[in-house]
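Have a look at the structure below, then the notes.
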Amino acid sequence: MTGSAKRSVSIRALSLTDLDAYRALRLTALRSNPDAFGASEQEDALMSDAEMARRVVPETPELSLGAFASDTLVGMAAYVPNPRLKMRHKAMMVAVFVAPEMRGARVGRALVEAIIAHARMQRVILQCTVAAHNEAARMLYHALGFEPYGLEKNALQVDGHFIDEELLAIDLR
């Protein structure tokens with residue numbers, strides 16, 4: 001762990017003032033971990049400021065959280081509730097990423113715990129997906145109570161290689 005990883009981290013909802021930092025971190029995430037996201041760096045790099053702003057400050061009840069070390073955005077995660085009448089009891093946790101220099105400093109855990117706490121006030125089931133080979137993320141999600149309910153074979157195709165995704169859910173009752 002580097003000296004920067006020992007800084008205290010705060011979690012808060014993102015705001016429009018975070019737009020540039022969010023865009024930079026998002027593009028870093030897509031570039032450095034292309035097998036962890038359904039989106040590609042090429043697609044997101046073409047997004048307008050207005051499109052990216054909808055991710056930073058989505059319409060309620062969606063929520064985008066950021067992890068900040070001092071004033072630097074070092075992690076992100078988002079909460080997306082299902083709007084369909086018969087599935088309103090469920091939500092998805094998506095776009096979880098921690099800057100490489102902050103890994104091992106429990107930033108990911110803090111972000112996921114914050115999403116779980118937010119979801120617990122509104123939904124019964126919180127779901128997420130994780131690349132089946134991403135042991136660090138899988139271990140974190142399992143430790144926080146997510147349980148596997150399936151495996152989507154060939155969920156993503158990155159540079160000609162197929163990536164399986166583990167489907168996870170936590171019952172918040």
Roughly what % of Cα-Cα distances in region 57-173 sit above 21 Å, to the whole percent?
-> 40
GNM top mover of Gly145, Gly66, Gly160 - the chain, alpha-carbon springs below 10 Å | Gly160
With all protein chains in place and a 1.4 Å probe, His161 shows an accessible area in Å² (nearest 10) of 120
Result row for the chain, helices from DSSP H with C-alpha axial extent 18 Å or more and mean Kyte hydropathy at least 0.5, is 107-120
Per residue solvent-accessible surface (Å²) - the chain, probe of 1.4 Å | 55
Region 56-89 and region 105-173 have their Cα centres apart by a whole-number Å value of 15
On the full set of protein chains, 1.4 Å probe, figure out the accessible area of Thr17 and give it in Å² to the nearest 10.
-> 120
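Contact order normalised by length for the chain, with contacts defined as Cα pairs under 8 Å and 6 or more residues apart; what percent is it? Could the numbers behind the result be given before it?
Numbers: 294 pairs, mean separation 35.2, N = 173.
Once divided by the residue count of the chain, the mean separation gives 20 percent.
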Based solely on C-alpha atoms, express the radius of gyration and the Dmax of region 1-115 in angstrom.
-> 14.2, 48
Just need the relative contact order of region 132-173 here, percent rounded to a whole number, with Cα pairs under 8 Å and 6+ apart.
-> 39
So what is the relative contact order for region 20-74, in percent, with contacts set as C-alpha pairs under 8 Å and at least six apart?
-> 32
Counting only residues 5 or more places away or on other chains, whose amide H sits under 5 Å from the amide H of Ala132 once H atoms are built in the peptide plane?
-> Asp164, Glu165, Glu166
Kindly provide the trypsin sites (Lys or Arg not before Pro) of region 29-129 that DSSP labels as loop, not H, G, I, E or B, and whose Cβ sees at most 12 other Cβ atoms within 10 Å.
-> Arg84
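How much of the accessible area of region 62-173, in percent, comes from carbon and sulfur atoms when a 1.4 Å probe is used?
52
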Per DSSP H run of n ≥ 4, the term is -39500 (n - 2.57); total these for the chain, divide by its residue number, and report the mean residue ellipticity at 222 nm rounded to 500 deg cm²/dmol.
-> -8500 deg cm²/dmol
Sequence order, region 88-98: Karplus ³J(HN,Hα) from phi using 6.51 cos²θ - 1.76 cosθ + 1.60, θ = phi - 60°, Hz rounded, Gly and Pro as x, gives 5, 7, 10, 8, 10, 9, 9, 6, 7, 7, 10
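The values are calculated or read from the model by the stated rules, or taken from the named source; none is laboratory data. No experiment lies behind these values; they were computed from the predicted model shown. No Cβ is skipped: glycine too gets one built from the backbone with ideal geometry, and neighbour counts run over all protein chains shown. Note: accessible area is taken over every heavy atom of the protein model, side chains too, but ligands, DNA and RNA are not part of it. Shrake-Rupley method; radii C 1.70, N 1.55, O 1.52, S 1.80 Å.
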